[in-house]
1. Just one of (1) surrounded by fewer than 17 Cβ atoms within 10 Å (Cβ to Cβ); (2) touching a residue at least 24 places away in the same chain (Cβ under 8 Å); (3) not acidic (D, E) trips up A73, so point out which.
2. Could we say that L237 is touching a Gly at 6+ places or on another chain (Cβ under 7 Å) and closer than 24 Å to A179 by Cβ here?
3. Take M263 and decide whether it is within 20 Å of R286 (Cβ to Cβ) and among the hydrophobic types (A, V, I, L, M, F, W, C).
4. Give just the number: which of (1) touching a Ser or Thr at 6+ places or on another chain (Cβ under 6 Å); (2) farther than 25 Å from L140 by Cβ; (3) not small (G, A, S) does V249 not satisfy?
5. Among the residues of the range 201-245, write down those that are of a type outside the set (G, A, S), over 19 Å from I167 (Cβ atoms) and assigned to a loop (DSSP other than H, G, I, E, B).
6. Looking at the range 23-40, which of the residues that are in a helix (DSSP H, G or I) and hydrophobic (A, V, I, L, M, F, W, C) is surrounded by the fewest Cβ atoms within 10 Å (Cβ to Cβ)?
7. Would you mind finding the one in T185, T241, T285, T220 that is over 18 Å from T157 (Cβ atoms), buried (at least 18 other Cβ atoms within 10 Å of the Cβ) and either out of contact with any Lys or Arg (no Cβ under 9 Å at 6 or more places or on another chain) or of a type outside the set (A, V, I, L, M) (or both)?
8. Say whether the condition of being surrounded by 15 or more Cβ atoms within 10 Å (Cβ to Cβ), among the hydrophobic types (A, V, I, L, M, F, W, C) and part of a helix (DSSP H, G or I) is met by at least one residue in the range 86-93.
Amino acid sequence: MTDLTAASTTSMDSRHRDRRPIDPVAAGYDRPVLFYVLATAIPWAFWFAAAQLSNLPEQTAIVQLWTAALGLAGLAAPVGVVIWLVRDRPELKADIRRRLIWPRDVRWGYVAGALVLLLASLLAAQAISLVFGYSADQFLLRGGFTFSAGLLPVWVTLLGAALLEEIAWHSYGTDALVARMRVFTASMLFTAIWALWHLPLAFINGYYHNEVVETGWLHTLNFPLSMVAFVLIMNWLYFRTGRSILITVLFHATANVVNEVFMTHPDTKIIQTALLLVVAAVLVTRDRGLFFGAARV
C-alpha cells in the first residue's frame, strides 16, 4: 500500500511539474480575468456610443469625427489595459519589448506562412467556387473597399486594427490564458471572447462587421467560425516563432488586406473558412505537443 501511495504521489507530482510554465517571466501575466473584462468592457462602451452616433439621421462632420474617435479609442483600449497592468512590472515590460523586436533566429518558412497562407486560401476558395457557378470576376482586383470607416481611410483601419489588437492579445492576453491551460483550450476560449469583443462593431453603420451582418445569417455565422481557424493558425505561428508579437501582426494584417483586394463573393469566404479549418486541423494533429501539452509559456 505504501509503494502504491508513493507511486501515486510521484505521478501526481510529475503531472504538477509538467503543468508549470516553462518561462517564469511569462508566468507573470497573472491577471487574465481583469485583463479580458477591462479589454472588452471599455471598447464596448466606446463602440456602442459610436454605433448610436453612426445611426443618427444627420451625419454631420462633427458626428463622423466623434464616431471615428470612439472607434479608435475602443480599438486602442486593450493596449491601454496592458500598459496599466504591467506598469509596475519591469520584467514584463522587458519581455514585451523583446517580443516586439523582429526575432533574429526566426525560420523564414513561418514568415512565408504568415504572408501567403491567407492569400493562398482565398485564391483556392475562389477557384473552388467556380465549380459551383460563381463568377471568375472574383479574381479581379476590387479597386476599392467593401466597407467604410467614417472619416478614417480604410487602409488605416485594416492595418491599425491588426497592429493594436495583436499588441494587446499577444503581449498579455494569450500568455495569461496559456500559462493556465493548454494552448488548444486557450485558443478556443480566446476565440469566444474575441467574437464577443467584436459584437458592438456590427452596429456601427458602414463598418465591415455591420456589412457582414447585412449579408445574412450564414455569413454572420461564418465570421466567428472563421476565427476558430484563424486563432489556431496564428497561435501556432506565435509559439513556433518564440512568442513573436510581430509575426501575429503580420499574419493579421495580411488577412485584413487580402480579404479586401479581390472582388470575392461573400459565399466564397465560407469556402475559405472550410479550407482554413482543414489547415488548422492538420496543424493541431501534427503538433499535438504544442496544442495539448503542458502550459507553454
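The values are calculated or read from the model by the stated rules, or taken from the named source; none is laboratory data. Quick caveat: nothing in here was measured; it's all calculated off a predicted structure. Virtual Cβ from ideal backbone geometry, glycine too; neighbours counted across all protein chains shown.
1. (1)
2. Yes.
3. Criteria not met by M263.
4. (1)
5. Passing the criteria: I204, N205, Y207, T215.
6. V33
7. T241
8. yes
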